[in-house]
Structures are given as structure tokens and as C-alpha cells.
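The structure appears right after this line, and notes come after that.
The values are calculated or read from the model by the stated rules, or taken from the named source; none is laboratory data. In this text, all values refer to a predicted model and were calculated from it rather than measured experimentally. Because the Cβ atoms are built from the backbone with ideal geometry, glycine has one as well, and the counts that use them run over all protein chains shown. What goes into the accessible areas is simple: the full protein's heavy atoms, side chains included, and nothing from ligands, DNA or RNA. Shrake-Rupley method; radii C 1.70, N 1.55, O 1.52, S 1.80 Å.
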Amino acid sequence: MLALHGTGVGHGIAIGKARVINRPNKGVEQYTVAADAIEAELDRLSGGIRKARESLLDLRPHSGETLPEEVASLLEAHVTMLEDPALLDEPARIVREQRVNAEYALSAWGRRMEIMFTRIQDPYLRSKSVDIGQVVQRVIGALMDSAETLGRQPEGTFDGEIIIAADLTPADTIELKKHRITGFITSLGGPISHTAILARSMKIPAIVGLHGAIRFLRTGDLLILDGKRGVILASPDQKALEAYQRRREKIVRRHQALETLRDADAVTLDGAPVTLLSNVELPEEVDLSVSQNADGVGLYRTEFLFMNRAELPNEEEQYVIYSDIVTRSHRPVTIRTLDLGADKQVDGGRTNDGRTINPALGMRALRLCLHNLGLFKPQLRAIFRASAHGPTRMMVPMVSNVDELNQLRVLLDEVRNELTDQGQVFDPAMPVGGMIEVPAAAVSADIFARKLDFLSIGTNDLIQYTLAIDRVDDEVNYLYDPLHPSILRLIKMVIDAGRSAGIPVSMCGEMAGDPEYTRILLALGLREFSMDPASLLEVKQRVRISDIGHLESRLPGILGAVEPEELRGLVQQLNQ
Ligand code: PEP
Ligand code: MG
């Protein structure tokens, strides 16, 4: 039995067979091949070489066609290299001796050969290193085509399995929906990355940032995945298996017990009503929001609608989806305008050509939309039109200066006028709010509050930007700290600013859905929480056993704490 540790996402337990998959265009990954699968891996290797040769032969001119002489001779040279038994022998030895996958063995051998050739004095022979690199790449390409990747597999291929990948983009994660997987593990990534957020909302237990996952876990291994503790047990013994099966049943029973709170009011012991809203990533999740009796949708992340497709959704398609969500929700729905960029790329981040140096600080969210009205305007129109079907709010992500808000206001007026002229039905007074997730906006929240109808604190980004920790970088995960004094102070500033301006303030970052933070947030004055609907009843339970008067009396001590340990201790006391 092997135990590995990473960062847990979601609190469930998954038990299933492992399936190691490749990520396209992510380079060659190394993984271990089971002893009884070595022969099959060697067959894959020779099959890859055969396929690469055939693909080159296909490039030969058909009758009547000719190729420039140098191209023809290059083609012949590559075909000859692919027919040379040496191309198979050495990588095959690496597969056998190191028990690694064929792609890795080939690329390791190719690198070695390239280095050898670059040391050759004769310039003509030295230039041959390029040909070796190209031939190796062609074979690796052929191998990866036959390897298991997401997207290319028919629906249901990975049903019931635990997927293991070096990395998964949010777009990949959505793709996993086709496969009703039991859980997933990635070597990279952080707990508030959008991949992790999606896993939570799709109720898939996952572990991210588990270094060596690809190296140590093999397709076919039986795995126990503990999403709460971030632990993987590979090939568990019977005792561990039974213990985890019991724990899994206990979690199910605890959730069933919470169901009794479904129709209970979210009111504190001293009578303060609290609004509990849902975060929705995919339109079908509205059903869960309704079944948990949420007060509405506090954040609908529209960008996922734009992923995994060749053409972007037009106004009409967006209108149909948004109005369906508004209709099905029966309660207010906050539709967030596109927050593309950073780790949420339309193309799944696969074509990142390195031009963007730091995408989280780059052309993202509202900035991107204001520079691309062809993308933005149809969405604004669709949201306005959806407002005819029920209470709707529009929310813009990542506001960072007032100029942006002024530009937005002009644009919204334009859209309203156009819709009116065209006789479209919509709510002209639909509230327009902004997300406070950049420290600059939090510090000047009083100014922003005068320009917006409501504010929503996005702690995922607010923490990323304030503490200077990339939310998708597993190496700096350990610095993620919602209780950092700067974060508590910024949250308080935003809540106070909203109160003074008389506008609602909610929070829709992951912090809002963690019951460990419910009381400190109530103490800071928060009364509107938006979260993964699966966390809603647990947070409601906390609210119902909390006394605001008592919590507020403890706040000065917490905000005045100097040592992090002291502060954490005081928050823990608050939770008791
Ligand atoms: C946030 O940043 O807290 C947030 C809710 O937005 P997202 O996670 O989509 O960036
Ligand atoms: Mg954000």
C-alpha cells in the first residue's frame, strides 16, 4: 500500500481504478508501466514508429506530382531513419529497464542523441541532430495520438475511474463530465484554481498539487482518494478499504442529516437574517441550487459557456441559456459577465504561445471585454433580455479603476437604448454590481460603491493579488491564507463601504462557503454569502448557532492580534 499527499479538493472519498491520461500539447510525461504491461508498451513503441513511417510515406508525391529535390531527399532521409532498427532498440531498452512509457523513453533517447550530434565537428553531420529531433517528435506525436487523452475518447470511456493527469485546465475538467469519473488527481494546481472550483461544484473529490502522481500511480491501480485530507492510498489492503468505505457512508449520512435544514431559515440566534446564495458554473447546476433552497444565484460564471467549442456562443444562444437559468431559479440570479483570461482560456490554455508574461495581471475579465466589444456587447444584450424572465442582476468581474466603470456605464446606456429601439423586453433598472477582487478596488470601495448597485467580494482573486500568490501555482499554495490580517481588513473595508453607501455587499469567493470562516465573516459584518450549493446547508447550520453580538465583541481582539498563531487561535475559539 502506497500513501501520497497533495491538496484535497471537496470533502468526499472516492474509491476506484486509476487511469493515467496525457494532456495534449503538454509535452511528454513520464509514468511507470506495470511489469505485466511492458510487452504491450513495446508494441506501442514499434506501432508508433510504424505509424510515423506510414504518415511520411503518405506525403510522397502521387503519380504526376513532383516535390522539390531537397524536400524529397529530406523525406527519404527521415523514412530511412524510421526504418533503422536502432530507433527501436535503444528506446525499447529504456522501456524495459526503467519501466517507463514509450514516449518518455523515446524523448530521453532523442535528447541524448541530439547532444551527441551537437558535439560532432563536421557541420554537415552536426546538422543531422535537427533531423533526429524531428523524427523522434513525429513518433512521439503518433504515440500520443493513440494515448488516452480527454476529449478524444467517446462518452463514458472513463466511467467510475479516478483520472490522473499532470495538469487539467478548467476546460478539461468540464470535458470530464462526459465520463462520470469518480475522482481526479493532478500533479500541479492549487485549491482555489478554477479546476478545483469546478471539481467541487461537480461534486468530484479531487487532489491537486500531488507531485509525482504521474510517476508513481499506474493505470489499473486500485485507489482510495480522500478529498478532505488530500491523501491517496494506492493498492490499499482490505482493512484500509473497509475503513474508508465506512467513512464514505458516514459522510453520506451526515449530508442526509443536514437535509433537515433545507427549509429552515438562515437566521442567527439573535435574529439577524443571512442570505445564502449559490455559485453556479454550469447551467444544470441551478437544479442543485433550487434543491438546497438557496436564496438565489449569487454568481453565475458565464465563461464556462465559452469553452470547449470552435465558435463562441452568439447573443441568441446566450439569451436562451441565461433566461432558462433565471426562469428555473425562481429567485434572483446574478449573472457575471465574462471573466476570461488567466487560467480560464477559451482554448483551454493550450495555445498559449508565451506572449502573455503574467496572465493573471494581464488582459483579463472586464479589461478584456472593454477591449473587445464584439465579444462583450452580445453578452450584455443577452443578460438584459434575460432580465425579462425574472429578477436578474448583472455583475462585472475584476473592476480596478473608475474609468472602467464609466466606460461600462456608457456602454450599458447604449445597449439599453438599442434594445428599447428594437422593442425588446427587459428590466431597464436591472442592478449592475461589481466584484471587488483587486486590492485597489477594495481600498477604494467607498468610491466604487457610489458607481455600482451592489458589491461582491471575490476572495479567490483578492487573496491572490493581495498576498502575491498565483492561485494555480502549487508551490505557493501554502501561503494561501484567508485569515491574513490584510485580507480581514480589506473585507471589512468593503463591507463598511457598502453599508455607508446603502448598497448590498456579498462574498462569492471560496472563503464564503467554508464553514470555518462563517463566524469571522459574520463578525466582520457580512450578511450575504454565495457558495457552491453543496456547502450551503453546512454554512446555514453555522449561522443558526451563532450570536452576532457575541461575535462582534470578539472582533477587536482578532483584528488586533499580531502573531498569526494567536489570530488563528482566536478564530478557532470563535468557532467553538
Ligand atoms: C473570486 O475571485 O473570488 C471569484 C469568485 O471569481 P473567480 O473564482 O471566478 O475568479
Ligand atoms: Mg475572481
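Data overview
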item	result
Contact order normalised by residue count of the chain, Cα under 8 Å, 6+ apart, percent	15 percent
Of all DSSP beta bridges in the chain, antiparallel share, percent nearest 5	35 percent
Percent carbon-and-sulfur accessible area, the chain, ignoring ligands, DNA and RNA, probe 1.4 Å	52 percent
Mean shadow area of the chain over all directions, Cα convex hull, nm²	32.5 nm²
Cα-based helix-to-principal-axis angle, 373-386 vs the chain, degrees rounded to 10	50 degrees
Estimated D of the range 35-143 in µm² per second, where Rh is the Kirkwood radius over Cα pairs and Stokes-Einstein applies at 10 °C, 1.306 mPa s	108 µm²/s
1.4 Å probe accessible area per residue over the chain, in Å²	44 Å²
Partner aspartates and glutamates for Lys228 [C-alpha distance under 13 Å; skip if fewer than 8 residues away on the same chain]	Asp514
Theoretical ellipticity at 222 nm over the chain - DSSP helices of four or more residues, -39500 (n - 2.57) apiece, nearest 500	-14000 deg cm²/dmol
Rh (Kirkwood; distinct C-alpha pairs) - the range 465-537, Å	13.3 Å
Using alpha-carbon coordinates, inclination of helix 69-83 to the longest axis of the chain, degrees	90 degrees
Sites matching trypsin sites (Lys or Arg not before Pro) across the range 446-510 that sit in DSSP coil, with at most 13 neighbouring C-beta atoms within 10 Å	Arg450
Of Phe117, Gln98, Pro85, farthest towards positive along the dipole that unit charges on Lys, Arg, Asp, Glu beta carbons give the range 35-143	Gln98
Computed E for Leu222/Asp324 - FRET, C-beta separation, R0 56 angstrom, nearest 0.05	0.85
Potential lengthening between Arg111 and Glu315 on full extension [0.36 nm per residue; Cα-Cα distance subtracted]	68.5 nm
Partners for Lys128 among lysines (Cα-Cα distance below 27 Å; same-chain residues under 8 apart left out)	Lys26, Lys51
Among the listed pairs Lys203/Lys492; Lys492/Lys540; Lys17/Lys250; Lys377/Lys540; Lys177/Lys451; Lys17/Lys239, those beyond 28 Å (Cα-Cα)	Lys203/Lys492; Lys377/Lys540; Lys177/Lys451
Charge tally in the Cβ shell below 13 Å around Leu4, where Lys, Arg are +1 and Asp, Glu are -1, Leu4 excluded	+1
Degrees between helix 86-98 axis and first principal axis of the chain (Cα, 0 to 90, nearest 10)	50 degrees
Hz values of 3J(HN,Hα) by residue in the range 267-284 - Karplus curve (6.51, -1.76, 1.60), Gly and Pro given as x	10, 6, 4, 9, x, 7, x, 10, 8, 10, 10, 10, 9, 10, 9, 10, x, 5
Estimated distance in nm for a label pair at Thr420 and Ser553, the labels positioned 7 Å out from Cα along Cα-to-Cβ	5.4 nm
Relative packing of 171-177, 372-378, 246-252, 132-138, which averages over residues the other C-beta atoms within 10 Å, highest first	171-177, 132-138, 372-378, 246-252
Value in Å of the Kirkwood radius, where the range 476-518 supplies the Cα pairs that are averaged	11.7 Å
